[in-house]
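Note sheet for the following structure.
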Amino acid sequence: MLDFDTTLRARRSVRGFLPQPLDRALIEEVFALAALAPSNCNVQPWQTHVVSGAALRTLGQALTEAAQRGQPPAPDVPMINRYHGPFRTRQIDAAKALYGAMGIERDDHGGRADAFLRNLDAFGAPHAAFLFLPEGFDLREAADLGGYAQSLMLAMASRQIASCAQGALSLYPAVVRDRLRIAPGPRLIMGIAFGREDPNHPANAARTDRAALSDMVSFHD
Ligand SMILES: Cc1cc2nc3c(=O)[nH]c(=O)nc-3n(C[C@H](O)[C@H](O)[C@H](O)COP(=O)(O)O)c2cc1C
């Protein structure tokens with residue numbers, strides 16, 4: 001198992017997976033660790049659905065078909081369509097890193113569309129977690145859910161389990177609810193694809209960097 005700093009540095013978004021499933025005991029171990037995340041009043045506002053194997057491929061196909069027939073995305077929480085200023089620059093840099101690694105040119109709209117569609121099948125991962133925020137909760141508890149998601153991905157990274165958080169898996173929540181027979185109410189915030197990394201997948205050569213500390217943290221003495 002990796003030490004903490006090494007784990008933080010080792011975690012990155014992986015977008016190509018080996019098909020072999022993980023042991024159920026290992027999956028349960030990392031989800032139990034993720035639940036150690038702090039939350040407002042310890043309400044633990046996470047409702048997680050782990051979908052694996054054939055069930056995930058069937059769901060992925062339904063999500064992909066929704067996008068391919070031009071069904072407008074209807075996420076439970078609206079998506080910001082365009083970032084501005086430094087946020088836009090960072091978004092562009094991340095996209096350049098990913099599409100560059102995949103050999104997709106800037107004006108290759110078909111290539112980009114295909115690369116996006118891979119999201120909806122969780123990049124072929126053997127497992128995906130769908131993270132729901134219980135009914136009645138809002139931004140503060142969504143922050144809790146973010147901490148839970150990062151705890152989960154770090155618990156995975158320390159055990160060489162690759163992952164990718166995916167807002168894309170929240171674009172068609174009605175399809176997810178229908179396939180998994182989940183009652184309406186809780187809001188789907190994100191998916192997380194996970195499994196063992198396919199080291200030969202070109203998308204996995206992408207690397208992102210981070211802004212300078214001085215751009216992110218103000219110290220008040
Ligand atoms: C909440 C959340 C949603 C994300 N959604 C997607 C997504 O839909 N598709 C994707 O390829 N990456 C997605 N990402 C991954 C980010 O692009 C990635 O975290 C960022 O570029 C930094 O790269 P790194 O994770 O490799 O450090 C998401 C990340 C987070 C935290």
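Where a number appears in this text, it was derived from the coordinates with a stated rule and is not lab data. Please read these numbers as outputs of a predicted model, since none were measured by experiment. All Cβ positions, even for glycine, are placed from backbone atoms using ideal geometry, and neighbour counts span all protein chains on display.
General observations
- Membrane-span-like helices in the chain, defined here as complete DSSP H runs extending at least 20 Å along the helix axis by their C-alpha atoms with mean Kyte-Doolittle hydropathy no lower than 0.5, are 139-157; this is a sequence and geometry rule, not a statement about a membrane.
- Three-way shape call for the range 1-100 based on the alpha-carbon gyration tensor, with the a/c threshold at 1.5: rounded
- The length gained on full extension between His49 and Ala174, counted as 0.36 nm times the residue separation minus their Cα-Cα distance, comes to 43.5 nm.
- Computed label-point distance, nm, for sites Ala113 and Phe219 using a 7 Å Cα→Cβ extension: 5.1 nm
- Förster radius 35 Å - calculated FRET efficiency between Leu33 and Asp138 (Cβ-Cβ, nearest 0.05): 0.85
- When both the range 161-221 and the range 11-81 are represented by their alpha-carbon centers, they are found 8 Å apart.
- In the chain, helices alone account for a calculated mean residue ellipticity at 222 nm of -13500 deg cm²/dmol, with every DSSP H run of four or more residues adding -39,500 (n - 2.57).
- Zero-based 10 Å bins, Cα pair distances in the range 122-221, whole percents: 13, 35, 33, 16, 3, 0
- GNM result for the chain, Cα springs below 10 Å: residue of Tyr83, Tyr172, Tyr99 fluctuating most strongly: Tyr83
- Computed over the chain, Cα set: Rg, Dmax in Å: 17.5, 56
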